[in-house]
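Have a look at the structure below before the remarks.
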Amino acid sequence: MTRTVALLGATGYTGRLTAAELERKGIPHRLGGRSKARLAAVPSTGERHLVDLADPSSLDGFLDGVDVLITCVGPFTELGMPVVEAAVRTGTPYVDSTGETAFMAEVYRRFRDAASAVVPACGFDYIPGDLGVAVAADALGRTPAEVDVVYAIRHAKPTRGTAHSAVGIITSMRPHLGRLVVRGEDGPVTAVQLPWGEELTVPLHLPTTQVRTGVAAPGWMTRVTEAIAPVAPYTAPATRLASPLLRRWADRRPEGPSDADRGRAEARTYSVARAGSDEVRVVVRMRDVYGLTARFLVGASQRLRGTGAMATAEALPARAFLDEMSYDDEGGALSWSVL
């Protein structure tokens, strides 16, 4: 059965892409935003609703009569919690595009026992890694002792919203840096170990597994990172002091990459599960990461199951979902395999 979608934050860069994806799929939906003029410009046949995030009744009215909420309103640490509260209050299943780990942690803490499904972090950053881990663990045949998730990203230009979210992540994280090496498709992949979202999501479905996450980088950079790792925890105060400058930098970013630049962005995730001498690796290959975020959000809105705040691997059937997302069109391209 097709679920009717309420799309909040429809006027932003990712929101417009998500509206276009809903149109392509023929999924009934309504659009929510703060600006009547900007809502009118969204490429969609959905109803337009002005929504005041500070007014619970406005949010509740927007959700009345729909089956599921997709929200792209960010930065989520500043604007996202009233939306989650409204979804839980009205019993509306919820998915979002956040990549902000502090927000994710708070959602998991507060709403783990909610009566409706609450599934944050359904974008290109974290769905491929988390679902890849679930597939790898299943193929391993037993609970992995450790998991590594590495993202390798090329040619990606952040949106203004992503830049603001990144500033929030940088200024709120407690850094623990290091060096990771995983076996990729064409040889070793070196990565800077960073606190990434799978450190939060994977323990929800594999609670006894040690999780390490990172971003691919040249070998020399990973060695430098490894050398400075002991002093990384002491850099947090300086990073917080730099927050105003970082936010001004984010403000000056363009709203998002051009269609041509967006289409050139590529990413791969390597999800590696180990137990003893056994290892299973899953790779997810992506082109157009923002287009795929829209595809993931729409797909998750139709496929999520269960109740409470969940990791994507708890709410979605990992293999089936990756298979459903595996095609090439104007919204991006995805393929995956077990190595």
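The values are calculated or read from the model by the stated rules, or taken from the named source; none is laboratory data. Just so it is clear, the model here is predicted, and its values are computed rather than measured. A quick note on method: Cβ atoms are made from the backbone with ideal geometry, for glycine too, and the neighbour counts reach across all protein chains shown.
Brief remarks on what is shown
- Restricting Arg30, Arg34, Arg48, Arg16 to those that are basic (Lys, Arg), closer than 23 Å to Arg262 by Cβ and either surrounded by 15 or more Cβ atoms within 10 Å (Cβ to Cβ) or over 21 Å from the mean Cα position of the chain (by Cα) (or both) reduces the list to Arg16.
- Qualifying residue in segment 278-287 (condition: in a helix (DSSP H, G or I) and crowded, with 16+ Cβ neighbours inside 10 Å): no
- Val181 under 13 Å from Asp125 (Cβ atoms) and of a type in the set (A, V, I, L, M): no
- Some residue of segment 72-89 being surrounded by fewer than 24 Cβ atoms within 10 Å (Cβ to Cβ), closer than 22 Å to Leu194 by Cβ and of a type in the set (Val, Ile, Thr): yes
- Lys25 among the basic types (Lys, Arg) and over 22 Å from Glu330 (Cα atoms): no
- Inside segment 15-54, residues that are over 12 Å from Ala294 (Cβ atoms), among the charged types (D, E, K, R) and either touching a Leu at 6+ places or on another chain (Cβ under 9 Å) or not assigned by TED's automatic domain parsing to the domain that holds Leu297 (or both) make up a count of 6.
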